[in-house]
Amino acid sequence: MALCPPADRANLAGVRHIVLVLSGKGGVGKSTLSTELALALRHAGKRVGILDVDLCGPSIPRMLRVQDSAVHQCDSGWVPVFVGQDKAIALMSIGFLLERPDDAVVWRGPKKNEWVKSLRWGQSLIKQFVTDVAWGDLDFLIVDTPPGTSDEHISTVEALRPHQLLGAVLVTTPQAVSVGDVRRELTFCRKAGLHILGIVENMSGFVCPHCSECTNIFSKGGGEELAKHAGVPFLGCVPLDPQLSQSLEEGRDFIQEFPKSSAFPALTQIAQQILDTSQRSS
């Protein structure tokens, strides 16, 4: 039996702030932002956890180089995997429950929200992931959600609503098609009564590592324009950065190892704005 926090501090009782990371479509860097936001908050001295409920694409274990780890149970629930050089970030992902890394999680309709038969009491997968992980004391829990708006989003929001839900960060790329999808995500958040912390424009230009010239490969400004139009905060632009891609491929700590990269100031400023919002809400 694995060790875990005492029952009265398990699950979400000791989590101070919960942040959802959403995107209107896949491939915009939502999981990347979730990972780097967690690392930036950790380097700011905060206790951080990541909950990866992207059922069809659980990529964060690979980004943090713990894809071969196994989860265990204790009296209070599932014990997260601890990652990072100091093992200070708690991570729970459906990726840990797949027998093989190439397995697909394929459920249709209501089955997407049913728990696997071999697990406890037939509760919904999303609800069990949200409430039955022994997180202990955390300052922030970053929740990486599936792309789009679906049953999983509703289940996640409903399960988190009674707890310290700080709000949602929406991720887009500059192109009109991605911005249009995020506009629908904004509508979902408002209908669900979910506070919007702001919009992040990812892949916003490529800064040449040799001459520092910025080339806008995917156009520019769509996320900022949407935030202005919707009346929500614009958290910043994150450029395409080969060092960021490299760190994710190799499971390295980008925030610690690449402080001179073009993406570093953007990511740390986004984290700082989340910190500022959490302090105002306390």
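The values are calculated or read from the model by the stated rules, or taken from the named source; none is laboratory data. It should be emphasised that the depicted structure is a prediction, and the values quoted were computed from it without experimental measurement. All Cβ positions, even for glycine, are placed from backbone atoms using ideal geometry, and neighbour counts span all protein chains on display. Calculation scope for accessible area: heavy atoms of the full protein, side chains included, ligands and nucleic acids excluded. Shrake-Rupley method; radii C 1.70, N 1.55, O 1.52, S 1.80 Å.
Below is a table of values for the structure above.
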item: Prolate/oblate/rounded call for segment 17-94, Cα gyration tensor, a/c under 1.5 rounded; result: oblate
item: Inter-site label distance for Glu257 and Ile154 at 7 Å from Cα along Cβ, in nm; result: 4.2
item: Contact order relative to length of segment 195-252, as percent, for alpha carbon pairs under 8 angstrom and 6 or more apart; result: 43
item: Segment 126-156 residues near the modelled Ala70 label - backbone nitrogen below 20 Å, point 7 Å along Cα→Cβ; result: 133-134
item: 5 angstrom amide H check on Ile217, placed H, neighbours 5+ away; result: Gly205, Phe206
item: Between segment 70-91 and segment 142-166, the alpha-carbon center distance in angstrom; result: 21
item: Peptides 234-244, 166-176, 183-193 ordered by average Cβ neighbours within 10 Å, highest first; result: 166-176, 234-244, 183-193
item: Probe 1.4 Å, accessible area per residue of the chain, Å²; result: 47
item: Estimated [θ] at 222 nm from DSSP helical runs (n ≥ 4, -39500 (n - 2.57)) normalised by residues in the chain, nearest 500; result: -9500 deg cm²/dmol
item: Lysine pairs with alpha-carbon atoms under 19 Å apart, the chain, spacing 8 or more or separate chains; result: 9
item: Correct option for Rg and Dmax of the Cα atoms in Å [calculated from the coordinates] among (1) 18.0, 59; (2) 22.1, 67; (3) 17.4, 51; result: (1)
item: Label point distance in nm, Ser281-Thr187, each placed 7 Å from Cα along Cα→Cβ; result: 2.5
item: Ordering of 273-281, 61-69 by packing [mean C-beta count within 10 Å, highest first]; result: 61-69, 273-281
item: Built amide H within the under 5 Å cut-off of Gly49, gap 5+; result: Ala90, Phe140, Leu141, Ile142
item: Cα centroid separation, segment 199-239 to segment 15-55 (Å); result: 19
item: Accessible surface of the chain [probe 1.4 Å, protein heavy atoms]: carbon and sulfur percent; result: 51
item: Whether segment 159-254 is rounded, prolate or oblate, judged on the alpha carbon gyration tensor where a/c under 1.5 counts as rounded; result: oblate
